[in-house]
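Here's the structure we're looking at; comments come further down.
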Amino acid sequence: MKKKLIIGIFIIAVLVAGVLVFGYYPVLIVNGAPIFARQVWTDRAAALSSYQKVVDTYASGTAVAAPSAASIDSAILSTLVDRMLIGAGLRQYFDARTLEELIAQKIAPFDSAAQAGKAIYGLDEPAFRNEVLIPQAERDILSSKLFLEGIQFNSWFSEAEASAKVSVFYPGLHWDGKAIVKN
């Protein structure tokens with residue numbers, strides 16, 4: 001019996017360690033949908049890579065203060081909340097298959113731009129599609145649909161932010177009704 005308990009505890013410890021190490025724990029919940037740490041890590045790496053490229057290109061010879069980790073993380077988390085709200089808005093108007101087709105049509109002209117994803121953001125092609133092209137396509141599609149419905153995107157988005165239920169499980173940050181900000 002004692003041996004089974006030790007094995008059980010060991011298995012649970014390995015699973016918990018795996019979840020923590022690989023980022024499969026929520027850092028945000030937006031209207032009941034989780035955003036995992038793994039997503040934040042990917043976006044942070046892309047943001048830092050892009051920032052470094054800009055500094056290397058434009059700030060040669062001048063000292064440039066790096067943005068704080070909290071400001072980077074709050075911007076990333078706010079962007080992820082925005083993506084979730086836009087995704088929810090799209091699901092109100094389109095079924096999954098139609099939306100997938102619209103996104104594919106929207107990003108097809110930019111497939112060759114995936115090379116830039118590696119150069120600018122340090123992202124491979126699938127990550128560039130998922131982190132840059134698809135979110136922009138989703139925003140454009142929703143904006144167009146709302147325009148056809150006679151609704152201004154900014155008005156719709158402000159209402160979506162105001163009614164969003166956002167829980168933040170990230171130290172030092174909270175949702176203020178419009179963005180993730182420092183405490």
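The values are calculated or read from the model by the stated rules, or taken from the named source; none is laboratory data. The model shown is predicted, which means the values in this text are computed figures rather than measured ones. Neighbour counts are summed over all protein chains in view; Cβ atoms, including those assigned to glycine, are modelled from backbone coordinates with ideal geometry.
If the requirement is being under 16 Å from LEU90 (Cβ atoms) and either assigned to a helix (DSSP H, G or I) or within 16 Å of the chain's Cα centre (by Cα) (or both), which of these qualifies: GLU138, GLU131? Before you say what the answer is, go through the steps one by one.
Numbers: GLU131 fails: under 16 Å from LEU90 (Cβ atoms).
From the options GLU138, GLU131, the qualifying one is GLU138.
The set of residues from the range 111-157 being at pLDDT below 85, touching a Ser or Thr at 6+ places or on another chain (Cβ under 8 Å) and not aliphatic (A, V, I, L, M) comprises TYR121, GLY122. With respect to the conditions (1) more than 21 Å from SER74 (Cα to Cα); (2) surrounded by 12 or more Cβ atoms within 10 Å (Cβ to Cβ); (3) out of contact with any Asp or Glu (no Cβ under 7 Å at 6 or more places or on another chain); (4) not charged (D, E, K, R), LEU90 lacks only one, and its number is (3). Looking at (1) under 29 Å from GLY32 (Cα atoms); (2) in contact (Cβ under 8 Å) with a residue 60 or more places away in the chain, can you tell me which one TYR121 breaks? Of everything listed in (1) under 29 Å from GLY32 (Cα atoms); (2) in contact (Cβ under 8 Å) with a residue 60 or more places away in the chain, TYR121 misses just condition (1).
I need a count of the residues in the range 37-51 that are out of contact with any Phe, Trp or Tyr (no Cβ under 6 Å at 6 or more places or on another chain) and either outside any helix (DSSP H, G or I) or not acidic (Asp, Glu) (or both).
Of the residues in the range 37-51, the ones out of contact with any Phe, Trp or Tyr (no Cβ under 6 Å at 6 or more places or on another chain) are 38-45, 47-48, 51.
Of the ones still in play, those that are also either outside any helix (DSSP H, G or I) or not acidic (Asp, Glu) (or both) are 38-42, 44-45, 47-48, 51.
Residues in the range 37-51 being out of contact with any Phe, Trp or Tyr (no Cβ under 6 Å at 6 or more places or on another chain) and either outside any helix (DSSP H, G or I) or not acidic (Asp, Glu) (or both): 10 in total.
Residue-level check: of (1) touching a residue at least 60 places away in the same chain (Cβ under 8 Å); (2) farther than 23 Å from ALA46 by Cβ; (3) in a loop (DSSP other than H, G, I, E, B), TYR170 misses just (2). Residues that are in a helix (DSSP H, G or I), under 26 Å from GLN152 (Cβ atoms) and not aromatic (Phe, Trp, Tyr) occur in the range 107-120; there is at least one. Considering (1) on the phi < 0 side of the Ramachandran plot; (2) out of contact with any strand residue (DSSP E or B) (no Cβ under 6 Å at 6 or more places or on another chain); (3) surrounded by fewer than 17 Cβ atoms within 10 Å (Cβ to Cβ), the lone condition that GLU138 does not fulfil carries the number (3).
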